[in-house]
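A.B. asks: Okay, handing you the structure first.
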Amino acid sequence: MNQLRKTGVMLAFLLALSVGLVAVASAEVEFEGDVYVGVFDKYLWRGFDLSGSQPVVQGGADFSAAGFTLSVWSNAQLSSDAGEGIDSGWNETDLTLDYTFDLNETVSVSLGNVYYLLDEADDTNEAYLSVGLNTILNPALTVYWDWDKSEADGLFYVLSIGHDIEISDALTLSLSASVGYNQENYSVSEDFSGWQNAEFGASLDYAMTEQLFLSPTFLYSAPISDDAEDLAGIDDEMAVGLTITFSF
């Protein structure tokens, strides 16, 4: 990726950030956020098992105001996997800046950037744009662009749906499904463009108090093209976990 294109992306992102900050400065700002930590039997991301099927701890925090959200997320390997060359300890931290707004009652837009700080690979950045519909199943299309390390197109697309079912005042079942399409993205594989994986998720969110939540989760991922299996090395995977969240 040449330096001119990198600079253009950063200038566009900073311009959007500046516009949002002006809006924040001219309005009465209300802050909200959460902190959370969870234990999972493995780390799945875009169909990849990134922990060698070993358990991990993942935690983070989100801070939001006037449509902006700053997020910090980290992953820690609980046990080493000599075969995969993965050592125990903290091995990834992601920093995300997001700006979300409603175009109208039906359409919501999010744009932002994720900075991946990695121990086992080169650090990189992905800018993203997401458009969602505030209607049944909340369909959304998100496009990620690795403008940092990708030598080719560097794009990854996610089409997702989701639905929440309120079982009781304290218990909510959240269901989700998504498909991913890779277009020579550095973090996935620059060797192919094609369908990557399908994911199906479920979580049961139990409100222990108005601010404290306990959430068991399940995620299933499967490859949806031969290239995803043969070139990217995607297999059928399942992951389970338990997360506790404090909202404020």
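A.B. asks: With runs of 4+ DSSP H residues as the only contributors, calculate the mean residue ellipticity of the chain at 222 nm using -39,500 (n - 2.57) per run, divided by the residue total and rounded to the nearest 500.
C.D. replies: It comes out at -3500 deg cm²/dmol, rounded to the nearest 500.
A.B. asks: Have a look at T135, G112, G67 and report the one farthest towards the positive end of the charge dipole of the stretch 67-161, computed about the Cα centre with Cβ charges (Lys/Arg +1, Asp/Glu -1).
C.D. replies: Checked the options; the winner is T135.
A.B. asks: Next question. Within the stretch 203-232, list the residues whose amide N lies under 15 Å from a label point set 7 Å along Cα→Cβ of D34.
C.D. replies: Backbone N within reach: 203-218.
A.B. asks: Considering only F40, F31, F48, give the residue with the highest GNM mean-square fluctuation for the chain, with springs between Cα atoms whenever their separation is below 10 Å.
C.D. replies: Highest fluctuation among the options: F31.
A.B. asks: Explain nothing, just the number: relative contact order of the stretch 191-233, from Cα pairs under 8 Å at least 6 residues apart, as a whole percent.
C.D. replies: About 49 percent, as a whole number.
A.B. asks: Kirkwood hydrodynamic radius of the stretch 121-163 from all distinct Cα pairs, in Å?
C.D. replies: Hydrodynamic radius (Kirkwood, Cα only) of the stretch 121-163 equals 11.6 Å.
A.B. asks: If you don't mind, there's one more thing I want to ask. For the pair F248 and A198, how long in nm is the line joining their label points, each one 7 Å along Cα→Cβ?
C.D. replies: Result for the modelled spin labels: 4.2 nm.
A.B. asks: I'd like to check one number: the per residue accessible area of the chain, probe 1.4 Å, reported in Å² as a whole number.
C.D. replies: Accessible area per residue: 54 Å².
A.B. asks: Let me check the size of the chain from its C-alpha atoms; what are the radius of gyration and Dmax in Å?
C.D. replies: Final numbers for Rg and Dmax: 18.6, 55 Å.
A.B. asks: What is the dipole size for the chain, taken about its Cα centre, with +1 at each Lys and Arg Cβ and -1 at each Asp and Glu Cβ, in debye to the nearest 20?
C.D. replies: Charge dipole, the chain, about its Cα centre: 600 debye, nearest 20.
A.B. asks: Which value, in Å² rounded to 10, gives the accessible area of S193 with a 1.4 Å probe and all protein chains present?
C.D. replies: 60
A.B. asks: Another question, if that's okay. Probe radius 1.4 Å, ligands and nucleic acids ignored: give me the carbon and sulfur share of the accessible area of the stretch 93-212 as a rounded percent.
C.D. replies: For the stretch 93-212, the apolar C and S fraction of the accessible surface comes to 56 percent.
A.B. asks: Could you check the spin-label model distance between V143 and L171? Points 7 Å from the Cα along Cα→Cβ, value in nm.
C.D. replies: 4.3
A.B. asks: I've got another one for you. How do V107, V56 rank by accessible surface area computed with a 1.4 Å probe, from largest to smallest?
C.D. replies: V107, V56
A.B. asks: Separate question: So if we plug the beta-carbon distance of L231 and L129 into 1/(1 + (r/R0)^6) with R0 = 30 Å, what FRET efficiency do we get, rounded to 0.05?
C.D. replies: 0.70
A.B. asks: Also: What nm distance separates the two modelled labels at F63 and L159, each placed 7 Å from Cα along Cα→Cβ?
C.D. replies: 3.8
The values are calculated or read from the model by the stated rules, or taken from the named source; none is laboratory data. Being a predicted model, the structure only gives us computed values, none of them experimental. With ideal geometry, Cβ positions are generated from the backbone for all residues, glycine too; neighbour counts draw on all protein chains shown. With ligands, DNA and RNA removed, areas are computed over all heavy atoms of the protein, side chains included. Shrake-Rupley method; radii C 1.70, N 1.55, O 1.52, S 1.80 Å.
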